[in-house]
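Written below as structure tokens is the structure these notes are about.
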Amino acid sequence: MDRRHTSLRTHRREFLAACGVGAATIAGCSRLRADSKPNVAWTVDGSNVPYSWPVLVDGTLYVGTRGGQLKAIDTETGSVSWSAYIAEDLFVTPAVDDSRIYVGYHDFSAFATDGTESWTTTLEWGSLVHGPNPSVLVDDSVIVGTRNGYLYSLATDDGTVEWETQMGERRPTPYAVIDDGVLVGDESGTIAAIDPADASVRWERTVSVDPERSGDPYLTVNGDAAYVSGTSIQRLDLETGDSVWTVDDADRTFTSPAPANDTVYVTGSDLAAEKNEDLSRPGYICALDAETGDQRWREPLESSAYRPAARDDGRVYVGDVSEQFYSFDADGSERWTVSVDGNVVNRPALEGDRIYFGTGQGTTYALEES
């Protein structure tokens, strides 16, 4: 464990040259606040880059790494309680309940909370979908998507295959559990609500996502709505799958939405920069009204950013590829910015006054707000 210090950036590169960068497309200048910078509670250093989203359950942070390790980190001390080798690159985020951690790549395994392997099941139809949502838990089952179009339901107690179904040629990603169902999507923009008992489809919709521009759609559920983003961001009604509203921007792409109360926070990047793989060009974060989709505010970021996380009080956190990590208030005012040792592309985990995230240099951070 390495106790490093971050530096507070009260001005982002001379405040983006007084907001001159992207002035035609970025509305307004940031409203800076004088909030105290967060303390670094601990860092865990390692050569294995955290690939998965961090999952926080009962005082333990679970992280998958490029080196194929699943790590369990004690959130109080930052010490690694245990680790297990899963595959060469562990792109997938584990699913966790009170007694087990479920994760895999070519095979799918369950581990007890002390790191003991409970069971392993070989999936006949390919490796797991890469990304943050390869599996979700529904009652006593775990729903798993594979890269060649199959969806599995496994029993959580022993890994027995309860059913399997082919969802099409594209890779299905189980996103979230809803009332009496599971939302599944793929990179073509198809979103389906399925019955977890037998995989029957309740409804299916195709959202405006172009895989040439944005890859898999990002989907987050909050209350009675699902928010899907890609080349647009849409709110879907969970009962019917109907679109409630859509926000389009021909020049930008949207990333994973983070709803909190009556607001949806989403980050975006310049489409031309994304096509040229120039992720260092300015990005932005914006807040949308959850009921109407109307934009409440939008603020510039130094570079492309991906997956914000928000608290119930509207405080929002996000990292970017220029090694900056930001916090904004509910009104769009910037609370603080800290420099970290690498890019931050995965959604942070939040608990109490702590913020947990990993960087492209292999460091896992725990920041603590005063």
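Among the residues of the stretch 272-283 satisfying the criterion of being touching a strand residue (DSSP E or B) at 6+ places or on another chain (Cβ under 8 Å) and closer than 12 Å to Val321 by Cα, which is modelled with the lowest pLDDT? Among them, the one singled out is Leu279.
Criterion first (modelled with pLDDT of 90 or more, surrounded by fewer than 20 Cβ atoms within 10 Å (Cβ to Cβ) and under 18 Å from Thr173 (Cα atoms)) does Leu137 satisfy it? Walk me through how you get there before you give the answer.
Numbers: modelled with pLDDT of 90 or more: yes; surrounded by fewer than 20 Cβ atoms within 10 Å (Cβ to Cβ): yes; under 18 Å from Thr173 (Cα atoms): yes.
Yes; evaluated as a whole, the condition is true for this residue.
So, restricting to strands (runs of 3 or more DSSP E) that lie completely within the stretch 145-217, which ones have at least 1 residues that are within 22 Å of His106 (Cβ to Cβ) and modelled with pLDDT of 85 or more?
Numbers: elements: 150-155, 161-166, 173-178, 181-185, 190-194, 201-206.
Once the strands (runs of 3 or more DSSP E) in the stretch 145-217 are filtered for at least 1 residues that are within 22 Å of His106 (Cβ to Cβ) and modelled with pLDDT of 85 or more, what remains is 150-155, 161-166, 181-185.
Return the only residue of Thr246, Thr240 being at pLDDT 70 or above and not in a loop (DSSP other than H, G, I, E, B). Break it down into steps so the answer makes sense when it comes.
On the way: Thr240 fails: not in a loop (DSSP other than H, G, I, E, B).
Just one listed residue meets the conditions, Thr246.
Restricting the first member to the stretch 64-79 and to residues that are touching a residue at least 40 places away in the same chain (Cβ under 8 Å), and the second to residues that are surrounded by 23 or more Cβ atoms within 10 Å (Cβ to Cβ) and among the charged types (D, E, K, R), the beta-carbon pairs closer than 9 Å and six or more apart or on different chains are Thr65/Lys71.
Arg4 is checked against (1) loosely packed, with under 14 Cβ neighbours inside 10 Å; (2) among the charged types (D, E, K, R); (3) modelled with pLDDT of 50 or more and fails just one. What number does that condition carry? Checking Arg4 against (1) loosely packed, with under 14 Cβ neighbours inside 10 Å; (2) among the charged types (D, E, K, R); (3) modelled with pLDDT of 50 or more, the one that fails is (3).
I'd like the residue in the stretch 254-271 that is of a type outside the set (Ser, Thr, Tyr) and assigned to a strand (DSSP E or B) and, out of all such residues, is modelled with the lowest pLDDT. Write out each step before concluding.
Here is the first cut: in the stretch 254-271, the ones of a type outside the set (Ser, Thr, Tyr) are 254, 257-262, 264, 266, 268, 270-271.
Those still in the list that are assigned to a strand (DSSP E or B) too: 254, 258-260, 264, 266, 268, 270.
On the way: Phe254: 78, Ala258: 93, Pro259: 93, Ala260: 92, Val264: 95, Val266: 92, Gly268: 80, Asp270: 63.
Only one residue tops the list, namely Asp270.
Residue selection: Val49 fails the criterion of being among the β-branched types (Val, Ile, Thr) and at pLDDT 75 or above.
Output the residue which, of all residues in the stretch 291-350 that are of a type in the set (Asp, Glu) and either under 15 Å from the mean Cα position of the chain (by Cα) or in a strand (DSSP E or B) (or both), is modelled with the highest pLDDT. Give the derivation first.
So in the stretch 291-350, the residues of a type in the set (Asp, Glu) come out as 291, 294, 299, 302, 312-313, 320, 323, 329, 331, 334, 341.
Still in the running and either under 15 Å from the mean Cα position of the chain (by Cα) or in a strand (DSSP E or B) (or both): 299, 320, 334.
Working: Glu299: 92, Asp320: 90, Glu334: 95.
Selected residue: Glu334.
Of the residues making up the stretch 92-114, those that are modelled with pLDDT under 90 and either of a type in the set (Lys, Arg) or over 14 Å from Pro54 (Cβ atoms) (or both) are Gly104, Tyr105, His106, Asp107, Phe108.
Of all residues in the stretch 133-144, those satisfying the criterion of being at negative phi and part of a loop (DSSP other than H, G, I, E, B) are Asn133, Pro134, Asp140.
Of all residues being within 25 Å of Pro282 (Cα to Cα), part of a loop (DSSP other than H, G, I, E, B) and charged (D, E, K, R) in the stretch 26-46, which is modelled with the highest pLDDT? Just the residue, please. Step by step, filter the stretch 26-46, then rank; the result is Lys37. Determine if the stretch 61-74 includes at least one residue that is farther than 23 Å from Val161 by Cα and among the polar types (S, T, N, Q). Within the stretch 61-74, one or more residues are farther than 23 Å from Val161 by Cα and among the polar types (S, T, N, Q).
Take the conditions (1) modelled with pLDDT under 95; (2) within 21 Å of Gly67 (Cβ to Cβ); (3) of a type in the set (Ser, Thr, Tyr); Tyr356 misses just one of them, which is (1).
The values are calculated or read from the model by the stated rules, or taken from the named source; none is laboratory data. This one's a predicted model, so the numbers in the text were calculated from it and none came from an experiment. All Cβ positions, glycine included, derive from the backbone under ideal geometry; neighbour counts span all protein chains shown.
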